[in-house]
1. Name the one entry in 62, 38, 128, 58 that is outside any loop (DSSP other than H, G, I, E, B), in contact (Cβ under 8 Å) with a residue 12 or more places away in the chain and within 25 Å of residue 174 (Cα to Cα).
2. Could you tell me whether residue 156 is buried (at least 21 other Cβ atoms within 10 Å of the Cβ), within 24 Å of residue 84 (Cα to Cα) and either modelled with pLDDT of 95 or more or more than 26 Å from the chain's Cα centre (by Cα) (or both)?
3. Can you find, within segment 80-100, the residue that is surrounded by the fewest Cβ atoms within 10 Å (Cβ to Cβ) among those that are part of a loop (DSSP other than H, G, I, E, B) and out of contact with any strand residue (DSSP E or B) (no Cβ under 8 Å at 6 or more places or on another chain)?
4. Condition (residue is on the phi > 0 side of the Ramachandran plot and part of a loop (DSSP other than H, G, I, E, B)) applied to segment 101-122: is it met by at least one residue?
5. Just need a number here: residues in segment 163-178 that are farther than 22 Å from residue 199 by Cα and in a helix (DSSP H, G or I).
6. Which residue out of 57, 74 is closer than 30 Å to residue 162 by Cα, in the same structural domain as residue 131 (by TED's automatic domain parsing) and surrounded by fewer than 18 Cβ atoms within 10 Å (Cβ to Cβ)?
7. Is it fair to say residue 120 is touching a strand residue (DSSP E or B) at 6+ places or on another chain (Cβ under 8 Å) and assigned by TED's automatic domain parsing to the domain that holds residue 136?
8. Quick check on my filter: what residues within segment 205-227 are loosely packed, with under 12 Cβ neighbours inside 10 Å, within 24 Å of the chain's Cα centre (by Cα) and modelled with pLDDT of 65 or more?
């Protein structure tokens, strides 16, 4: 009996230090989690502010009157924040035999963007996304008469590298992104080549097909290439994400309160 009392007494003396260690570890973990969740929430708020600014800028640029596509003197200052989706126009001659097909997913289903270089009258070349086509069998040069043409659309920055987990393979004609420099090199375009391309047409003038969610329309029902398919609608769920992270931070505080209260009861 005395031996049991002594054993329980030793256990009681050992429990508070162990409990304090567990509480300390829990506190450290709680602080890390709380700080991390709050930081992620603040980041999402900042992302929301950036996204709202982008949406406002894109809407303004798309609706603005088109301006001449920037020439070589302005290329060094062109960037995504100030120039992406700017309404631009270029006049020149398309270069036959130099088109490439870049993979695309649109309201018309899967297919390709038809990318053709245009030799601008000012002496440089700019890639033009002439629109969506359903397959690589499309006769890219059939409507290239060699006469000067004026293209109006949205200025887009080059998309180097490729798509998600898929690298461009120029030697095999497989393009998952519209990488201007790589396309220019593969097609051996001479002279200065603009670091951007132009999406022909305006999304403000395009009405999605009534069966868009069902995939591509029946063959022959659409005149290809289809222009004006640039996506200018951006998801903006950053506020929901921010509230989620802040809620998780709040749960960490609740958990900390429960742990501390539980620890005090056992140490009393």
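The values are calculated or read from the model by the stated rules, or taken from the named source; none is laboratory data. Computed from a predicted structure; not experimentally measured. Virtual Cβ from ideal backbone geometry, glycine too; neighbours counted across all protein chains shown.
1. Of the residues listed, the single one that is outside any loop (DSSP other than H, G, I, E, B), in contact (Cβ under 8 Å) with a residue 12 or more places away in the chain and within 25 Å of residue 174 (Cα to Cα) is 128.
2. yes
3. 97
4. No: segment 101-122 contains no residue that is on the phi > 0 side of the Ramachandran plot and part of a loop (DSSP other than H, G, I, E, B).
5. 2
6. 74
7. Yes: the conditions hold for residue 120.
8. Within segment 205-227, 205, 207 meet the criteria.
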